[in-house]
Amino acid sequence: MSLESLLAIAAILFCIGLYGALSRSNVIAVFMSIEIMFNAVNLTFVAFGRYITPLAFDVNLGSLLTGQVFVIFVITVAAAEIALGLGIVLALYRSTNSIDLSQIVRLKH
Amino acid sequence: MIHDIAFWSLSVITIVSAIGVVVTKDLFRSALLLAVFFVGIAGFFFLLSAEFLAVVQVLIYVGAISILFIFAVMLTSDIQRGNPANRMQVVAMVVPALLLVAVLLGVFTSQWVELDAEVQDTVDLVHTRAVGGISESEFAAAVIDDEFSQKAIQEADIADLLVGEYVLAFEGVSVLLLGALIGSLALARGKGSR
Amino acid sequence: MISEWLVWSVFLLPVAAFIVISLVVRPLFNRYAVVSGLILIVCLTISFLISVYVLAIVASGVNLVFEAHDWLILGSAKISIGLLVDSVTAIMLVVVTGVSLLVQIYSLGYMKGDPSFCRYYAYMALFTASMIGVVIAVNIVQLYAFWELVGVSSYLLIGFWHERSSAAAAAKKAFIITRIGDVGFLLAIVYLFVQSDSFGAIGLNSLHIPDIWIAAQPLAAGGAALLGGTGLLFLTLGIFAGAAGKSGQFPLHTWLPDAMEGPTPVSALIHAATMVAAGVFLVARLYPVFEQSSDTMLIIAIIGAVTAFVAAALGLVMNDIKRVMAYSTVSQLGYMMAALGLGAFGPAMFHLFTHAFFKALLFLCAGSVNHAAGTFNMQYMGGLRKSMPITYVATIIGALSLVGIIPFAGFWSKDEILMSANVASNLTVISVGTIVFILLLAGVFLTALYSARMIHLTFHGQFRGGGTREISDAESRGVDLGPNVSSHVHLAESPILMVVPLLILSFLTVTVGYISNPQWVKSVFGIPKHWITEFLIESLPAYLNMHSLEFDPLVAVISTVIVLIGLSIGSWVYLGSRYASPNPSEDPISRLGPLYVILSNKYYIDYLYENIIVRKLFYTAIVGISDAFDKYIVDGVFNGLGIASKKLGRALTMLQTGQVQLYTIVAVAGTIILLAIYLASGSWN
């Protein structure tokens, strides 16, 4: 277990999530993929927080936890995003009876 | 040793479950695999001595978000259509692959300045006990007998950062959550149920 | 020595008056408007006293040199602000502040009860301050700034009664026509600005007036000889164009008579000390430069002489007393310009000096007459001699000075100009000098003629009804005269505030000539022979080798005889029984037939400008071309751009498929490219 291997795992997970987000046509699947990407990013935060020396040792040991704080914020925002996103999905489904992203092209010119 | 075994098995679990989420035709199974993936990430957190985060991850992601997804899947009867791929398979494959190559290149060619081995224990201790106090025995296990650094470690607390240095972001996020709450309520009620 | 700030205060006091009147008195104390007049009078009195003190110091032989202050430095060109105090400046300061002071006192009476009293004095303060700024400027850009301020304030004052459309039109006309000349001046400044590198190479500043003098001097005289050839010709012609516009030289003189739409004291100030003097002053200020270009000097001399003659002829046919005087001013300015063109620097400035006094006097008299008769139209005056004895005598003094009768100021200065022309004409048989001399003498004859006509029509014969009668006549013809003419006729001397300046100016008009003369005596009252001309010449570089001319009895006799003939003819025509009754027949001048038609139409110059140049040439040709340009090229370009971007936009909308994932792919691809560039640059470790 090293920083490089952790970062590599996180990168692989991120790219899997990205592939899913780009290739699935179901909105809920896209959301799931996005969650995977979120978690990959969280993993890098924690890994950096543990392995890379911030200036914390000179200032305040508390700032060693900056990475974790970021993760908390990401989790919170992701939760809010999912709540809203799924709300939108349901509303969309109610109005169009479909949650196929390739069908939802209202942004078209 | 045990760490390495745990690490590699967690890696396999997360990657396989992530691929499973992405490629499985059945959305319901996707959602279940996603829960597995979340648990795997929580394991990583635990392994990185971020125990608090591991707990939070299980609570929020596994406990709440996965359930939300399952609800959403069940509420939309598109399930029978499954999880079809769109028409951009090749591009959607190539672009993440390129990104992966670029990122990995960056990861493995960079000279990371890692922590000295002797302070790793201190860091781990701080990470492990991001919330809550540390007992004498834990200090003893980590071979930290210097009273001054004991005190510094005791005082390093995630709450201090949240309501101290990042209080603005903290408040912002709370407002965001409130907005999301109201917004999703409004969306979920819809037009007809007024 | 004298402190720099004392000289500055001559300029700053009227500025302060302007600021106080316009920002404090007018908005807050408009009910006590008379305060504004008093403020300006007090400021100008102090300015005047300082000016006299400065003149005394300069006259005592002290060379006042003040360091200029940097204002803007643009490459090698340096725009500074500073003082240039030589004999010309000192004399001009006294004239400007003195005449302006008297005009302000007079205005207290003349403008009494005007609802815009404060505004009037604010403009007057600005006007005087700008003119002082022109006089003291050491940098040509500084001079130009105040030059344009003079233009602006004259615009404001001529259009003072702007609710009258003729006044607004006259103000616009004055502004536009002087602007035509100013373009030339501006181009000359641009030329100097462009030359700043070659000036800077030998340590001169191309915008600093004394440096320009040095640059124009030949090498033999210790100058730099930087300016010469065609460049110098166009430089001087450009400056002269500006001067001609301001000083109303033919053919840019048409705005001056129209400027009579302003209040009479304004006309007095414009014509005596401030605006029109600025043009002559500008040529005098850069005289060492003009002197190097003989072609320009010839042009100035001819234009001056032609203006002197042509404008005097116009003065013959005008019925409006102020217009007669306006053309008289144009004519006298022609004399000054002609003198400058002939190299008679001293006489020209001396004439400017005396003219300031007698022309101010004449205008104030015209205002006084108007105050009583309610009109400016001389055909409705007559017989005012009895009711307004002081004005009558003052007008006689002013007119005799104007025509050049021996004891009065105008004689001495005009005589010097004529002597210079005489000297120039003696060089060859038929030369420019000869033509100029003949034109100037003819101008003297016409001046005498129109002066006689003006005095007789106004003061002699029977009173012909004034404003009341003119209004009823106009009504019977169905013409509306507007507020220019008032039916309020009370034949009496003007109030004391108006009379006192008349008396002071009369006194000065009689005496001021003696600062040059008697020309045949060594010294009188401690003033040496040719004092003023010698003093003025001091401001010029020594190599020009200027000197005063000795008194020539022949020229004096010739001009006096011509004047007397002119006055006699005028009196014979206008003192006859024709004007003895209140209902005279036609003005005898109209018997000149076609000549009268041409003159009363002002040589059709206004017609040429307005109908041919503006309407036909400008409206049809130039406007047509620019209209076509606008329609086809400008619009074409913009419509083309519009159509092109519309097409492009339509093409670009093809990219907007609405497929969110496609957008994401593009965004990620961009990220990859950035990342690749970053990695390839090798700067991450």
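The values are calculated or read from the model by the stated rules, or taken from the named source; none is laboratory data. Predicted model, so just to flag it, every value in this text is computed and none were measured. So basically every Cβ, Gly included, is an ideal-geometry build from the backbone, and we count neighbours across all protein chains shown.
Observations on the structure shown:
- Filtered by the rule that a residue be over 21 Å from the mean Cα position of the chain (by Cα) and at pLDDT below 85, segment C:163-192 gives C:163, C:164, C:165, C:192.
- Flag for residue C:672 being closer than 30 Å to residue B:109 by Cβ and modelled with pLDDT of 70 or more: yes
- In the condition set (1) within 28 Å of the chain's Cα centre (by Cα); (2) facing another protein chain (nearest Cβ under 7 Å); (3) at pLDDT below 85, residue B:107 is compliant with all but (3).
- Scope segment C:207-249; condition modelled with pLDDT of 80 or more, out of contact with any Gly (no Cβ under 6 Å at 6 or more places or on another chain) and not in a helix (DSSP H, G or I); matching residues: C:207, C:208, C:248, C:249
- Screening C:623, C:668 for residues that are of a type outside the set (Ser, Thr, Tyr), within 14 Å of chain A (Cβ to nearest Cβ) and surrounded by 10 or more Cβ atoms within 10 Å (Cβ to Cβ) leaves exactly one candidate, C:668.
- Criterion: small (Gly, Ala, Ser), out of contact with any strand residue (DSSP E or B) (no Cβ under 6 Å at 6 or more places or on another chain) and within 26 Å of residue A:103 (Cα to Cα) - qualifying residue of B:18, B:42: B:18
- Residue match in segment C:226-238 (condition: under 12 Å from the mean Cα position of the chain (by Cα) and not polar (S, T, N, Q)): no
- Filtered residues of segment B:120-132 (kept if at negative phi and more than 7 Å from chain A (Cβ to nearest Cβ)): B:120, B:121, B:122, B:124, B:125, B:128, B:129, B:131
- Residues of segment A:68-103 that turn out to be within 21 Å of residue B:176 (Cα to Cα) and more than 14 Å from chain C (Cβ to nearest Cβ), as a count: 21
- Residue satisfying condition, being over 15 Å from the mean Cα position of the chain (by Cα), aromatic (Phe, Trp, Tyr) and under 26 Å from residue C:94 (Cβ atoms), within set C:353, C:345, C:309: C:345
- Filter pass, residue A:20 being crowded, with 19+ Cβ neighbours inside 10 Å, modelled with pLDDT under 90 and either within 14 Å of chain C (Cβ to nearest Cβ) or within 20 Å of residue B:51 (Cβ to Cβ) (or both): no
- The residue list B:4, B:26 contains one member that is more than 10 Å from chain A (Cβ to nearest Cβ) and of a type in the set (D, E, K, R), which is B:26.
- So residue C:163, is it outside any helix (DSSP H, G or I) and more than 20 Å from residue C:98 (Cα to Cα): yes
- Count of segment C:103-116 residues which are at negative phi and over 24 Å from the mean Cα position of the chain (by Cα): 5
- Test for residue A:106: is it among the basic types (Lys, Arg) and either surrounded by 16 or more Cβ atoms within 10 Å (Cβ to Cβ) or within 14 Å of chain C (Cβ to nearest Cβ) (or both): yes
- Against the test of being without any contact (Cβ under 8 Å) to a residue 60 or more places away in the chain and touching a helix residue (DSSP H, G or I) at 6+ places or on another chain (Cβ under 8 Å), the options B:135, B:174, B:184 yield a single qualifying residue, B:184.
- Filter pass, residue A:32 being farther than 28 Å from residue B:121 by Cβ, within 7 Å of chain B (Cβ to nearest Cβ) and in a helix (DSSP H, G or I): yes
So that you can scan it fast, the table gives a plain yes or no per residue for (1) touching a Phe, Trp or Tyr at 6+ places or on another chain (Cβ under 6 Å); (2) polar (S, T, N, Q); (3) in contact (Cβ under 8 Å) with a residue 60 or more places away in the chain:
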| position | (1), (2), (3) |
| --- | --- |
| C:87 | yes, yes, yes |
| C:94 | no, no, no |
| C:110 | no, no, yes |
| C:121 | no, no, yes |
| C:126 | yes, no, yes |
| C:134 | yes, no, yes |
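Yes or no, residue by residue, for (1) surrounded by 13 or more Cβ atoms within 10 Å (Cβ to Cβ); (2) under 20 Å from residue A:75 (Cβ atoms):
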residue: B:139; (1), (2): yes, no
residue: B:144; (1), (2): yes, no
residue: B:148; (1), (2): no, no
residue: B:151; (1), (2): no, no
residue: B:154; (1), (2): yes, no
residue: B:157; (1), (2): yes, yes
residue: B:162; (1), (2): yes, yes
residue: B:170; (1), (2): yes, yes
